[in-house]
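The block underneath contains the structure these notes are about, expressed in structure tokens.
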Amino acid sequence: MIISIIRTLILYAFVILAIRLMGKRQISELQPTELVITMIISDIAAIPMQDTSIPLLSGIVPVLVLVGLEISASVLMMKSSKFRKLLCGSPIVVIRDGEVLQSQMKRLRLTTEDLCVQLRQQDVFSIEEVQYCIVETNGDVSVIQKPQFRTPSAQDMGIKIVDNKIETVVISDGKILDNSLMLCQKTSKDVHNILKNEQTKLSDVFLMTLDALGKYNIIMRKK
């Protein structure tokens, strides 16, 4: 039993590492090759987890090979648009200027019901409002509404908006988060100076947010 637990923990950590090496994507954003590789990796890793008579390397080596292939394919897709098109396909326009392109719908085997669901998820409830609807290579739908139906931007309305930069959590449960400091272009010294001015100890801070302009918010830990 202990051996099975140890093998499972090792393979679990190894599969997570393998997925991290392939890049950060949500399941819905995976390209066909990435989805296939992910499914195969999970199946391969499950075999030595269940059968302790199978050497651990029998699960690790194939996963390494698959990760290597995926990384190589990704590099080739970056360098060759033809290779990327071969593996991932191309975006397809299914609506142009409010007209549904039935031939493209048949090509994708996309029903009108599925299309309407995708449009509603984009807050579009009428096909006539759509200037372009494009089915991306990962299956997601991108929608561009006709100009008269688009939400006006601040630039369209001549409104100048103050850029407060990004606000990030720089202290969580009494600990400074270095990665967040990089996002808001601040240093730990800036945080300590703020705490000094507020006469607050780092260990007493439950949460602190900070932006690039120096605006901050501190929530103290409840004692």
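Read-outs: derived from the displayed coordinates by stated rules, not from any lab. Keep in mind that this is a model prediction, so the values were computed, not measured. Methodologically, a virtual Cβ is constructed for each residue, glycine included, from the backbone with ideal geometry; neighbour enumeration extends over all protein chains shown.
In order along the range 78-93, the Karplus-derived 3J(HN,Hα) couplings, from 6.51 cos²θ - 1.76 cosθ + 1.60 at θ = phi - 60°, round to 5, 8, 10, 5, 5, 5, 5, 5, 5, 7, 10, x, 10, x, 10, 7 Hz, and Gly and Pro are given as x. Ordering of 153-162, 53-62, 132-141, 38-47 by packing is 132-141, 38-47, 53-62, 153-162, highest average first (other Cβ atoms within 10 Å, averaged per residue).
Across the chain, the relative contact order, built from alpha-carbon pairs under 8 Å that are at least six residues apart, equals 13 percent. For Lys196, a cut-off of 30 angstrom between C-alpha atoms picks up these lysines, skipping any fewer than 8 places away in its own chain: Lys165, Lys175, Lys186, Lys215, Lys222, Lys223.
With Cα atoms as the point set, the radius of gyration and Dmax of the chain evaluate to 25.3, 71 Å. Springs join every pair of Cα atoms under 10 Å in this Gaussian network model of the chain, and among Met105, Met182, Met77 the largest mean-square fluctuation is at Met182.
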